[in-house]
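What follows draws every value from the coordinates through simple rules; no lab data is involved. Note that the structure is a prediction, hence the values are computed from the model and not measured. Ideal geometry is used to build each Cβ from the backbone, glycine not excepted, and the neighbour counts take in all protein chains shown.
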Amino acid sequence: MRITIISDTHDNIVNFKKAIGWIKRENIKTIIHCGDISLPGTLKEALQDFKGKIHLVFGNMDDKRLFEKEEIKNAIFYGQVGEIEEDNKKIAFCHFPDKAKELALTGKYDLVFYGHTHKPWEQRINHCRLVNPGNLAGILYKATFAVYETQNDILELKILDEIR
């Protein structure tokens, strides 16, 4: 199974829709968003034709109250920390790097994804891969996201400008 990991969209609807279009063409059915979408309308518009599930946590630019007022199909909100399991891989995700490191240090997870810094990054803490997919908004760094293949444990960074 392939999972797409996105963070820090910051209301860049053009980039968000381009990434969603690619995700749909690749037949990826699960997305993790590590926060800082900004407004629920951005999420709703980007996902209007997406049939899979999106798991989301809130970042410092997200007002949880605004998202609670909107019905966004296929969206599962977790608050500050999310956790899923796919193909026997335990995955946690959050927005902030310090919290991500704390989660990785517990030894409970195979992967922990986070955002906030906008910089793509990967490191290992014991058996856990700690990963920042970068930012989809293209702020400070190029717009990027990640794709994780659960069965082969392959993680790829995708540069938005290079996908069609």
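Per-residue ellipticity at 222 nm, computed for the chain from helices alone with -39500 (n - 2.57) per DSSP H run of at least four residues, works out to -6000 deg cm²/dmol. In terms of packing, defined here as the mean over residues of other Cβ atoms within 10 angstrom, the peptides 123-130, 40-47 line up highest first as 40-47, 123-130. Between the alpha-carbon centres of region 1-51 and region 120-164 there is a gap of 14 Å.
For residue 158, the aspartates and glutamates whose Cα comes closer than 20 Å to its Cα, not counting residues fewer than 8 places off in the same chain, are 8, 11, 26, 36, 122, 149. For residue 99, a cut-off of 22 angstrom between C-alpha atoms picks up these lysines, skipping any fewer than 8 places away in its own chain: 64, 89, 90, 108, 119. Ranking 88, 104, 145 by Cα position along the charge dipole of region 2-162, where only Lys, Arg, Asp and Glu carry charges on their C-beta atoms, puts 88 farthest toward the positive end.
Along region 128-137 the Karplus relation, 6.51 cos²θ - 1.76 cosθ + 1.60 evaluated at θ = phi - 60°, assigns HN-Hα couplings of 8, 8, 9, 9, 10, x, x, 9, 7, 6 Hz to successive residues, with x for each Gly and Pro. In a reduced charge model with +1 at each Lys and Arg Cβ and -1 at each Asp and Glu Cβ, the chain shows a dipole moment near 220 debye about its Cα centre.
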